[in-house]
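Structure, as structure tokens:
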Amino acid sequence: MILVLPEGKNKSSGVREIYQVVSKSFPLKVSYITAFITRADIAIPSTLLMVWMVSVAHKFGYTPIQATARGGFIMMVGSLVGLFSFSAIGILLDRIGRTPVLIGTLLIAGVGYFFIAITQNPFSPWMFVFVSILGFGKNGAIVASNTLASDAAPQPMLGSIFGGLNTVGTLGIVLFLQGCGYLFDTFSSGDAFLFKGVVNLLGGIWVWAVKGRINADPHGEQAEV
């Protein structure tokens, strides 16, 4: 196998250089903001759903061990649906573009959170459907934001741009998981999931509102076409 490296001399980029590039590219700004929003969707459902099920297990006739097993099975089914969704997401990214997929999957993830928030029984069979909806939306939004960043990033700085993207995403995991955990303990499980669902929905609406600026950028949707 022959590896073809990008032309030009690559150099390590510092935080200042990454900031300058991102600040001048609207698609990169969108990818960073959506990464901040969506990366937390990896940790929040698995963490808070499991805590919720264990904490109310006695109300539904389950032991904590049975509740943990049920929660693990629900998350496993959701993960499998998410795994098989990657092929469909990839096709959609190529056929209809990065921005429409990002908008749609952010909204889908928000709807998944909303359904979980209004569910009174976490052991309900409907949880399999709701977690699967959330998993599809989460995976699609993450892949779409990554692909948008890949399109917009200067090739010599591609690694640095993705390093910054993952750093921002990790920061989102910490802050949103902490915030949702606080809502879970202070108010209710539904409030925690509802809050994150609203954030995802607002994120999707915002991307839809600024899609014209993404399209107008030389490295946005216009470049894909």
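The values are calculated or read from the model by the stated rules, or taken from the named source; none is laboratory data. Nothing here was measured: the structure is a model prediction, and the numbers come from that model. Heads up, the Cβs are rebuilt from the backbone with ideal geometry, glycines too, and the neighbour counts pull from every protein chain shown. Please note that ligands, DNA and RNA were not included when accessible areas were found on the heavy atoms of the full protein model with its side chains. Shrake-Rupley method; radii C 1.70, N 1.55, O 1.52, S 1.80 Å.
Protection proxy ranking of 105-118, 83-96, by the mean of other Cβ atoms within 10 Å over each peptide's residues and highest first, is 105-118, 83-96. Under the shape rule built on the C-alpha gyration tensor, where the axes satisfy a ≥ b ≥ c, segment 77-195 is oblate, since a/c reaches at least 1.5 while a/b does not exceed b/c. The distance separating the Cα centre of segment 103-124 from that of segment 40-73 comes to 16 Å.
Accessible area per residue, 1.4 Å probe, Å², for the chain: what's the number?
On the way: 11700 Å² over 225 residues.
Value returned for the chain: 52 Å² of accessible area per residue.
The calculated FRET efficiency for F86 paired with A43, based on their beta-carbon distance and R0 = 22 Å, is about 0.70. Of the peptides 140-153, 62-75, the ranking by mean beta-carbon count within 10 Å, highest at the top, reads 140-153, 62-75. Which net charge results when you count Lys and Arg as +1 and Asp and Glu as -1 among the other residues whose beta-carbon is under 15 Å from that of V54? In short, +1.
Model label points for A216 and S188, set 7 angstrom from Cα along the Cα-to-Cβ axis, are 4.5 nm apart.
Using every pair of separate Cα atoms, the Kirkwood estimate puts the hydrodynamic radius of the chain at 18.5 angstrom.
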